[in-house]
């Protein structure tokens with residue numbers, strides 16, 4: 001049985017082979033050993049996780065739709081996933097989102113994240129590497145009442161761990177049983193500090209919800225609104241939400257009991273962040289995307305083709321030439 005190899009030796013040989021592009025024979029000559037021994041070291045490096053092989057498949061984007069999204073919606077940037085044979089497009093959309101993230105984030109940036117399955121896919125697709133001095137923060141409290149959902153706490157921690165960066169928690173739930181409970185929490189200095197950090201971020205990455213669909217509907221259910229409060233919410237004209245902040249077709253936050261029961265930055269705060277990227281999957285999100293764009297909430301949209309076409313169709317109802 002061969003003795004365990006020192007990790008430093010594994011790293012040294014792996015760097016010479018994978019980073020410096022030396023052949024196994026050249027490495028053997030440099031280190032005074034045999035080619036077969038170098039091969040065994042490289043094998044051990046893979047077995048022990050020093051070297052991790054990542055196969056990146058090509059994911060097609062619809063550049064024509066991207067151009068139309070930029071022109072019609074006035075976006076700074078759009079990334080649109082082309083049709084795919086995959087059973088679940090979430091992972092593929094996450095990879096397109098991760099590419100945008102890596103193209104955009106730079107050392108010194110402060111990045112705020114909301115929550116949701118599409119953002120989880122984006123985080124999963126970000127490779128473990130160093131990107132310099134970046135801090136990640138939450139835009140919305142933890143969604144403890146939605147036990148099956150991915151919270152912002154998990155996402156900022158995972159991103160920071162992967163990228164060897166700093167992160168800051170918002171130590172509070174997202175949803176409260178009463179406005180008084182939320183107001184009491186807002187008086188905590190740590191909460192105020194965390195929200196201020198979110199407001200002053202350079203980049204925000206958010207999920208986009210559609211009222212009556214999936215998590216957007218679950219949030220309303222979890223708040224246990226009274227019959228009157230539910231009726232008020234229905235009459236408000238809400239079409240979508242970002243950070244559990246519900247907005248109408250013009251992108252303005254609706255007046256309802258929901259606002260005072262959610263701990264998150266306000267939509268006006270979101271508008272002041274220099275770059276806000278929204279991630280959405282599926283045709284039902286088209287109306288929400290268009291509304292968020294009308295309200296000046298998004299600079300970048302990362303979505304699939306069905307969501308893009310639905311958003312363009314919604315804009316056509318305004319008389320916009322698409």
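For this structure, a couple of remarks:
- Selection within region 17-27 - surrounded by 13 or more Cβ atoms within 10 Å (Cβ to Cβ) and within 35 Å of the chain's Cα centre (by Cα): 17, 18
- Test: residue in region 99-120 that is in contact with a helix residue (DSSP H, G or I) (Cβ under 6 Å, 6 or more places away or on another chain), farther than 25 Å from residue 295 by Cβ and modelled with pLDDT of 85 or more: no
- Residue under evaluation residue 151, criteria (1) surrounded by 19 or more Cβ atoms within 10 Å (Cβ to Cβ); (2) closer than 23 Å to residue 257 by Cα; (3) touching a residue at least 40 places away in the same chain (Cβ under 8 Å), criterion not met: (3)
- Flag for residue 266 being more than 20 Å from residue 80 (Cα to Cα) and either buried (at least 21 other Cβ atoms within 10 Å of the Cβ) or modelled with pLDDT of 90 or more (or both): yes
- Each residue in region 154-170 was checked for being assigned to a helix (DSSP H, G or I) and free of Cβ contacts under 8 Å to residues at least 40 places away in the same chain, and 7 pass.
- Meets criteria (exposed (fewer than 13 other Cβ atoms within 10 Å of the Cβ), within 18 Å of the chain's Cα centre (by Cα) and modelled with pLDDT of 90 or more) for residue 129: no
- Looking only at residues of region 41-50 that are without any contact (Cβ under 8 Å) to a residue 40 or more places away in the chain and surrounded by 15 or more Cβ atoms within 10 Å (Cβ to Cβ), we find that the one that is nearest to the chain's Cα centre (by Cα) is 45.
- Looking only at region 195-214, and only at residues there that are touching a strand residue (DSSP E or B) at 6+ places or on another chain (Cβ under 6 Å) and in a helix (DSSP H, G or I), the one that is nearest to residue 152 (Cα to Cα): 198
- Sole exception among (1) touching a strand residue (DSSP E or B) at 6+ places or on another chain (Cβ under 8 Å); (2) under 24 Å from residue 304 (Cα atoms) for residue 127, by number: (1)
- Residue in region 227-241 that is in contact (Cβ under 8 Å) with a residue 60 or more places away in the chain and either touching a helix residue (DSSP H, G or I) at 6+ places or on another chain (Cβ under 8 Å) or not in a helix (DSSP H, G or I) (or both) present: no
- Checking residue 254 against (1) in contact with a helix residue (DSSP H, G or I) (Cβ under 6 Å, 6 or more places away or on another chain); (2) at pLDDT 90 or above, the condition it does not meet: (1)
- Any chance residue 28 is closer than 24 Å to residue 170 by Cα and either at pLDDT 85 or above or not assigned by TED's automatic domain parsing to the domain that holds residue 156 (or both): no
- Filter result (within 21 Å of residue 127 (Cα to Cα), out of contact with any strand residue (DSSP E or B) (no Cβ under 8 Å at 6 or more places or on another chain) and touching a residue at least 60 places away in the same chain (Cβ under 8 Å)) within region 68-93: 90
- Only one entry of 226, 256, 200, 236 meets the criterion of being surrounded by fewer than 17 Cβ atoms within 10 Å (Cβ to Cβ), farther than 27 Å from residue 84 by Cβ, over 22 Å from the mean Cα position of the chain (by Cα) and in the same structural domain as residue 101 (by TED's automatic domain parsing), and that entry is 226.
The values are calculated or read from the model by the stated rules, or taken from the named source; none is laboratory data. If you're wondering where the values come from, they're calculated on a predicted model, not measured in any experiment. Note that each Cβ is placed from the backbone with ideal geometry, even for glycine, and that neighbours are counted across all protein chains shown.
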